[in-house]
Amino acid sequence: MGRAIAAKQKLLAVQCVRVLWLREMKNSTRARANILREFLTLSPKKNPFDHSEIYDIMDLCVSCKGCKSECPSSVDMARYKAEFLQHWWDKHGIPLRTRAVAYISSLNRIGMLFPAITNYLFTNKFIANLFKRVLGIAPKRSIPLLYRYTLSRWLKRNKHKLLPHRKPIGSVYLFIDEFTEYNDTEIGIKAVELLTRLGYEVKIAVHKESGRALFERTDKKGRPTCQFQRNNF
Ligand code: SF4
């Protein structure tokens, strides 16, 4: 009885981030779990995952895994979503939007050849809207812009800034992910400056792409992702 009350109190205290943002119970973990269970147990189709209703409700889950740690029943919706998407994509193919997000670092690398032009295209209302419509991105979303130069380029030109002015009190390895490299370069620069001011020598970790975007968006087999992870660790 006590455990049940505690579990209920915990359940009430916890809300899926999607519910907090959208204020709709249909986006709650419970709603997703119920829809999934209903279709998987009652579907007349050979492939019970092949229902657009499940896709619509799963699409809004951001796979933050909040429910796994917070839910009293440890519902891991992010895992269910990955499983569902594998079945869905097996049948319907991987959408263009998903591919674009998965390979965003390769696209950024191409865009970085002419960052000013790329940013102009992404900020021009007409072109950006067209781009978003083709990819199936929500119109209100802004497309991440490129920095004027990559962090690697800045580091090459500012090698002396990796050392503090006084004798280093230690070394810190900096792992530069794709987003810090192309989009949030300024944060990487500030991190280097902060560490050296604190008296640390900054060393740049040599690694392949982190594969973060692929991890988020590739299919469950995710061979490129696994390869990225193996390359780095
Ligand atoms: S993983 Fe769980 S908490 Fe996070 S958005 Fe999905 S259902 Fe909500």
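The values are calculated or read from the model by the stated rules, or taken from the named source; none is laboratory data. Note that the structure is predicted; figures quoted are calculated from it, not measured. So basically every Cβ, Gly included, is an ideal-geometry build from the backbone, and we count neighbours across all protein chains shown.
Is it true that F126 is in contact with a Pro (Cβ under 9 Å, 6 or more places away or on another chain) and closer than 30 Å to D56 by Cβ? No: the conditions fail for F126.
One residue alone among R141, R157, R153 is surrounded by 14 or more Cβ atoms within 10 Å (Cβ to Cβ) and free of Cβ contacts under 8 Å to residues at least 24 places away in the same chain, and that residue is R153.
So that you can scan it fast, the table gives a plain yes or no per residue for (1) modelled with pLDDT of 90 or more; (2) surrounded by fewer than 14 Cβ atoms within 10 Å (Cβ to Cβ); (3) part of a loop (DSSP other than H, G, I, E, B); (4) more than 10 Å from the ligand (Cβ to nearest atom):
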site	(1), (2), (3), (4)
A4	no, yes, no, yes
Q15	no, no, yes, no
R37	yes, yes, no, yes
P44	yes, yes, yes, yes
V101	no, no, no, yes
S105	yes, no, no, yes
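One residue stands out among those in the range 141-158 that are within 20 Å of V192 (Cα to Cα) and among the aliphatic types (A, V, I, L, M): the one that is farthest from the chain's Cα centre (by Cα), which is L155. Any residue in the range 87-98 that is surrounded by 15 or more Cβ atoms within 10 Å (Cβ to Cβ), hydrophobic (A, V, I, L, M, F, W, C) and either within 30 Å of E201 (Cβ to Cβ) or at pLDDT 95 or above (or both)? The answer is no; no qualifying residue exists. The set of residues from the range 55-70 being within 7 Å of the ligand (Cβ to nearest atom) and of a type in the set (S, T, Y) comprises just one member, S63.
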